[in-house]
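K.L.:
First, the structure itself, so that you have it in front of you.
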Amino acid sequence: MEKAKKRQFGIIATIVLAAVIVLGLMWATATATKNEEHKDTLERVERLGRIVWGVKADTRLFGLMDTKTGISQGFDIDIARALTVQISKQTGVPMSAEFVPVSSSSKMQLLKNTNIDGSVSTMTITPEREKIIDFTDQYFDAGQSILVRKNSGIKNIRDMNSSKYTIIVVVGTTAATELAKFAPKAKMLAVQDYATGMQALKSGQGQAMSTDNAILYGFATENPEYHIAGNAFTHGPYGIAFDNNQGPMIKQTNRALKTIKENGIYNQLIKKWFSDVPGLDWHSLEVK
Amino acid sequence: MALLQNNFPTFLQGFGYTLLSSIIALIGSMILGTGFAIMQIVPQKWIQKIGNIYVQVFRNIPLLIITFFFFLVVSKYIKMSGFTSGTVALMLYTSAFIAETVRAGILAVNTGQMEGARANGLSFAQAMRYIVLPQAFRISLPSLGNQFINLVKNSSILAFVGGLDLMYQGNMIAANTFDTFSTYIIVAIFYLILTLPLSYYIQHLERKLKRAA
């Protein structure tokens, strides 16, 4: 009797657990498909009166978390704020800007899941990404470079095309795919974020860190014994990203971007963030 | 499915590194763990103290911090790759838990066993090796099994230091294909391929030992 009871309990428990797992998976797929066919972003932000922007938290000059306030600060954040104000004016709906920290590898999924409405996070416009999400016009001009120790003797990316070199990149950035073209023989070490990448570079896990020059300038400012070697070897301007097929939102944002470029706000922000960077001709970043 | 087909070599490579790291860490942590378990019960107080400090330190620090410590700090002085630093960290971390498990097993063995063995002329080491430890392992087998399964899963820590393991390759594939959902489901299935047989084997071993006893 005792044994039979135990067995009965076991069978019931198994069925219940299996049911929970199956139902859970069904719910997850249902939510996933619902997110796929996702409503209009512009409509959503107007209804909720806020735009949730995904921004970087580990990138000096663009989006760096202030550990005292817990709020990210940088060029991206200021651009997002200015755009929110401008879009509010255009649509006549007052909207506030909210910020959510994203990482290079998470931002796409967060956009798809509508955890964030848009992303201003040093995101290079690429054809592969454009298949999955929408980009606005470029809001910043960047290209890929390498950061090396000043006495390393490495002058540009071509010097690194050898299996004795390891180049550090961040998962989910375009740097990884580009390196395969420019230094196919070099080894690659992918880490989770730029801060870890910089630490890894310092402790000798690699001889160079590669990503957009704009981001590397921030690290060169912080670490005087490192500098950027050679010119940018790719051209990859940044765009503001929204989920796929968000025509109305893209249109509004492009209009807002054009306005802040014309009324001088954009140039003010360039000056605010990039005028102190050593070795950078910040006037070249301004819109004329 | 197309995702699995296109990236099969990458997944397989990751699987291989996860397996390799798990095996090294498992053997290493078993040896270290048993060693520190014994250190904690020898009569000499100062040896006990050392064993205790080791266990408390590695048991109470997050694995990620130990890993980063080896990856970023130790590697300044001793060259080691992400794979090595991750595996060493995993080994030390797990060994602290195994030490506690084995120690509990040893304490659960009737003290008469040790006394009897000593009375029959065995040294402390001999009594430990032939009489007490075999019984202790049998007692602690279920919780050791838990530790082994945790170890395999914890090996995903390698992903944070470029250790080329399953999780690392999964991150890379997810970043390249933008198909996060399917990629991580495939990664989870690969982990199950490792952990499910392991847990069945432990269960099987338990039953076998029970019958033998």
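K.L.:
Take the alpha carbon gyration tensor of chain B, find the square roots of its eigenvalues, order them as a ≥ b ≥ c, and report rounded if a/c is under 1.5; if not, report prolate when a/b exceeds b/c, else oblate.
P.N.:
oblate
K.L.:
Which of A:T31, A:T124, A:T196 ends up with the largest GNM mean-square fluctuation for chain A, with Cα atoms connected below 10 Å?
P.N.:
Among A:T31, A:T124, A:T196, the largest mean-square fluctuation in the Gaussian network model of chain A belongs to A:T31.
K.L.:
With the crude spin-label approximation of a point 7 Å out along Cα→Cβ, what separation in nm comes out for B:L4 versus B:L196?
P.N.:
The modelled label-to-label distance comes out at 1.1 nm.
K.L.:
Within 10 Å of each Cβ of A:54-61, how many other protein chain Cβ atoms are there on average?
P.N.:
Per residue, the number of nearby Cβ atoms from other chains is 0 on average.
K.L.:
In percent, how large is the relative contact order of region B:99-168, given Cα pairs closer than 8 Å and 6 or more residues apart?
P.N.:
30
K.L.:
I want to check the label-to-label distance for A:D137 and B:N146. Put each point 7 Å from Cα in the C-beta direction and report it in nm to one decimal.
P.N.:
Rounded to a tenth, the inter-label distance reads 6.2 nm.
K.L.:
OK, next. Arrange B:R118, A:R158 by Cβ neighbour counts within 10 Å, fewest through most, would you?
P.N.:
By the 10 Å Cβ count, ascending, the order reads A:R158, B:R118.
K.L.:
Can I ask one more? Which whole number gives the average count of other chain Cβ atoms within 10 Å of the Cβ atoms across peptide B:170-179?
P.N.:
Mean partner shielding for this stretch: 5.
K.L.:
State the antiparallel share, in %, of DSSP beta bridges confined to the protein assembly as shown, rounding to the nearest 5.
P.N.:
Approximately 60 percent, going by the DSSP bridge assignments.
K.L.:
At most 10 other C-beta atoms within 10 Å and a DSSP loop state: those are the exposed GluC sites (Glu not before Pro) I care about. Give me the longest piece of chain A that has none.
P.N.:
Counting at most 10 other Cβ atoms within 10 Å as exposed, the longest clean stretch of chain A is A:38-224.
K.L.:
Right, another one. Counting DSSP beta bridges with both partners in region A:144-229, what percentage is antiparallel, nearest 5?
P.N.:
For region A:144-229, the DSSP antiparallel bridge percentage is about 55.
K.L.:
I'd like the FRET efficiency for A:N267 and B:R59, computed as 1/(1 + (r/R0)^6) with the beta carbon distance as r and R0 of 56 Å, rounded to 0.05.
P.N.:
The calculated FRET efficiency here is 0.50.
K.L.:
Per-residue mean of other chain beta-carbon atoms within 10 angstrom of the beta-carbon, peptide A:188-195?
P.N.:
4
K.L.:
Share of antiparallel DSSP beta bridges in chain A, in percent to the nearest 5?
P.N.:
60
K.L.:
Can you sort B:R59, A:R129 by how many other beta carbons sit within 10 Å, fewest first?
P.N.:
Lowest to highest Cβ neighbour count: B:R59, A:R129.
K.L.:
Cα-based count: Lys pairs in region A:156-286 below 24 Å, eight or more positions apart or different chains?
P.N.:
Counting lysine pairs in region A:156-286 gives 11.
K.L.:
Please say if region A:144-229 is rounded, prolate or oblate, where rounded means a/c under 1.5 for a ≥ b ≥ c the square roots of the C-alpha gyration tensor eigenvalues, and otherwise the choice is prolate for a/b larger than b/c and oblate otherwise?
P.N.:
Rounded is the answer for region A:144-229, as its axis ratio a/c remains below 1.5.
K.L.:
Further question on the same structure: In which sequence would B:S29, A:S210 go, from the one with the fewest C-beta neighbours within 10 Å to the one with the most?
P.N.:
Taking fewest neighbouring Cβ atoms as first place, the list is B:S29, A:S210.
K.L.:
Between Rg and the Kirkwood Rh of region A:119-262, both from Cα atoms, what is the Rg to Rh ratio?
P.N.:
Using Cα coordinates only, the ratio equals 1.03.
K.L.:
GNM, chain A, Cα, under 10 Å: largest mean-square fluctuation among A:I146, A:I240, A:I21?
P.N.:
Largest GNM mean-square fluctuation: A:I21.
K.L.:
Relative contact order for region B:2-212: what percent, with Cα pairs under 8 Å and sequence separation of 6 or more?
P.N.:
Relative contact order comes out at 28 percent.
K.L.:
A further question on this structure: For region B:89-136, which semi-axes, largest first and in whole Å, follow from the square roots of 5 times the eigenvalues of its Cα gyration tensor?
P.N.:
Whole-Å semi-axes of the equivalent ellipsoid: 26, 11, 6.
K.L.:
Continuing with this model, one more query. To the nearest 500 deg cm²/dmol, what mean residue ellipticity at 222 nm is calculated for chain A from DSSP H runs of n ≥ 4 alone, each contributing -39,500 (n - 2.57), summed and divided by the residues?
P.N.:
Dividing the helical sum by the residues of chain A leaves -13500 deg cm²/dmol.
K.L.:
Alpha carbons only, please: Rg and Dmax for the protein assembly as shown, in angstrom.
P.N.:
Both quantities, over Cα of the protein assembly as shown: 27.9, 95 Å.
K.L.:
Counting only complete DSSP H runs, which helices of chain B cover 15 Å or more along their long axis at the Cα atoms and score a mean Kyte-Doolittle of 0.5 or above?
P.N.:
Those that pass (Cα extent of 15 Å or more, hydropathy at least 0.5) are B:8-39, B:82-108, B:180-212.
K.L.:
With a point put 7 Å past each Cα toward its Cβ, work out how far B:Y77 is from A:R255 in nm, to one decimal.
P.N.:
Taking the two extended label points, one gets 6.4 nm.
K.L.:
Which whole-number percent gives the relative contact order of region A:1-83, counting Cα pairs below 8 Å spaced six or more residues apart?
P.N.:
After rounding, I find 13 percent.
K.L.:
If you average 1/r across every pair of different Cα atoms in chain A and take the reciprocal, what Kirkwood value do you get, in Å?
P.N.:
21.0
K.L.:
Report, to the nearest 10°, how far helix A:2-36 tilts away from the longest principal axis of the Cα atoms in chain A, using its own Cα long axis and a range of 0 to 90°.
P.N.:
Roughly 40 degrees, rounded to the nearest 10.
We did not get these values from a lab; they are worked out from the coordinates using the rules stated. What you see is a predicted model, and the numbers here were worked out from it, not measured in a lab. Note: ideal-geometry Cβ built from the backbone for every residue, glycine included; neighbour counts use all protein chains shown.
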